[in-house]
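What follows is a single structure, written as structure tokens, with notes after it.
The values are calculated or read from the model by the stated rules, or taken from the named source; none is laboratory data. Treat the numbers as computed from the prediction; the structure is a model and nothing was measured. Neighbour counts run over all protein chains shown; Cβ positions are idealised from the backbone, glycine included.
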Amino acid sequence: MKKFKKIVLAGGNGYLGTVFADYYKDKADEIVILSRHEKQTTQNIRTVEWDGKTRGKWAAELVNADILINLCGKNVNCRYTDKNKAEIFASRLLPTELLGLVIHDMFEPPKLWINITSATIYRHADDRPQDEATGEIGSGFSVDVCNAWETAFNKYDTPKTRKITLRMGIVLGRSDSVFPRLLNLVKLGMGGKQGDGNQYVSWVHEHDTARITEWFADHTDLTGIFNCTAPNAVHNDELMRIIRKVNGTPFGLPAPGWLLEIGALVIGTETELIFKSRWVVPKRLLDSGFKFQFETAEEAVRDILRKG
């Protein structure tokens, strides 16, 4: 097994950062998390304080790192008020541009920089899958964020650092993100289709997201934009059926669109997160030879519930 010297996770104290840190803790000598809040050192994982806006001592942690993964960004599970919109933009663009500037000026920068962005950059798609070459960029606030984010990532030339834009689908895992919320609906008997249920969900198992980052480290010819979704997207009603089946729940009440609109307003989120059809395929990953451990939603759900 290849051993890494140092992995740096910018904004790595959230859900996905925890997944990556757990994956790499036995594969790396050292894992450094750049965070606004310092945490106690655990095993070979330590946290270094930064604000994501200004240079500081944290920059020394990037020197000759094997992998830098940028996970910065305010959670989009909120109402799109002017204040939240501004924070969503700033929390992505400022840290990304700062990392680019620091890396540009370094003599021994990280070997690989992976920027986690979003597969929601593609249009609402229920007619054909969207891949890296033929996918069509959508419109609206979320797409504007993604476009600005990727522009910020490419603002500075980093000739000594290979760069990967990783357009992430909906990550399925036990501890956080979307899956626990869907499972709770199922347990409450409300785990039916949402809206008409025909919208595609492009998902990826949390373990495969970490495996993909290691794949990039091992295959030094890979660069540019990659979709990070499992090969087999599913309709919303099919995903809910699978969760009910694996959980042993015989029925689930559907949630019509009008009810979801009210519910989103009450809990402070946007229905776009539910209604948009994301049919995204990881063509470049598959073409590079990567094999997903979890190719179907049922395999992923069974693994997640087994570990739960």
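Conditions tested, residue by residue: (1) at pLDDT below 95; (2) under 13 Å from the mean Cα position of the chain (by Cα); (3) more than 26 Å from S142 (Cβ to Cβ); (4) assigned to a strand (DSSP E or B).
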residue	(1), (2), (3), (4)
I7	no, no, yes, yes
G12	yes, yes, no, no
E30	no, no, yes, yes
W58	no, no, yes, no
K74	yes, yes, no, no
N77	yes, no, no, no
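Of the listed requirements (1) among the charged types (D, E, K, R); (2) within 25 Å of D303 (Cα to Cα); (3) not in a loop (DSSP other than H, G, I, E, B), R174 misses just one: (3).
Yes/no per residue for (1) assigned to a helix (DSSP H, G or I); (2) among the aromatic types (F, W, Y); (3) out of contact with any Lys or Arg (no Cβ under 8 Å at 6 or more places or on another chain):
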| position | (1), (2), (3) |
| --- | --- |
| N198 | no, no, yes |
| V204 | no, no, yes |
| W215 | yes, yes, yes |
| L253 | no, no, yes |
| L260 | yes, no, yes |
| Q293 | no, no, no |
| A300 | yes, no, yes |
| R306 | yes, no, yes |
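Taken as a whole, segment 238-252 holds at least one residue that is in contact (Cβ under 8 Å) with a residue 60 or more places away in the chain, of a type in the set (G, A, S) and either farther than 18 Å from A119 by Cβ or surrounded by fewer than 21 Cβ atoms within 10 Å (Cβ to Cβ) (or both). Checked against (1) farther than 28 Å from I31 by Cβ; (2) part of a loop (DSSP other than H, G, I, E, B), D237 passes all but a single condition, namely (2). All conditions in (1) closer than 20 Å to H207 by Cβ; (2) touching a Cys at 6+ places or on another chain (Cβ under 8 Å) hold for G289, with the sole exception of (2). Does H207 qualify as being over 16 Å from the mean Cα position of the chain (by Cα) and not small (G, A, S)? Considered against the rule, which asks whether it is over 16 Å from the mean Cα position of the chain (by Cα) and not small (G, A, S), H207 comes out as no. Return a yes/no flag: does segment 68-86 have any residue that is in contact with an Asp or Glu (Cβ under 8 Å, 6 or more places away or on another chain), over 22 Å from V280 (Cβ atoms) and free of Cβ contacts under 8 Å to residues at least 40 places away in the same chain. Yes. Annotation note: of I103, I121, the sole residue that is over 21 Å from L16 (Cα atoms), in contact with a helix residue (DSSP H, G or I) (Cβ under 7 Å, 6 or more places away or on another chain) and buried (at least 19 other Cβ atoms within 10 Å of the Cβ) is I103. All conditions in (1) buried (at least 19 other Cβ atoms within 10 Å of the Cβ); (2) outside any loop (DSSP other than H, G, I, E, B); (3) not hydroxyl-bearing (S, T, Y) hold for G192, with the sole exception of (2). Here segment 79-131 is the region considered, the condition is being hydroxyl-bearing (S, T, Y) and assigned to a strand (DSSP E or B), and the residue that is farthest from N198 (Cα to Cα) is T117.
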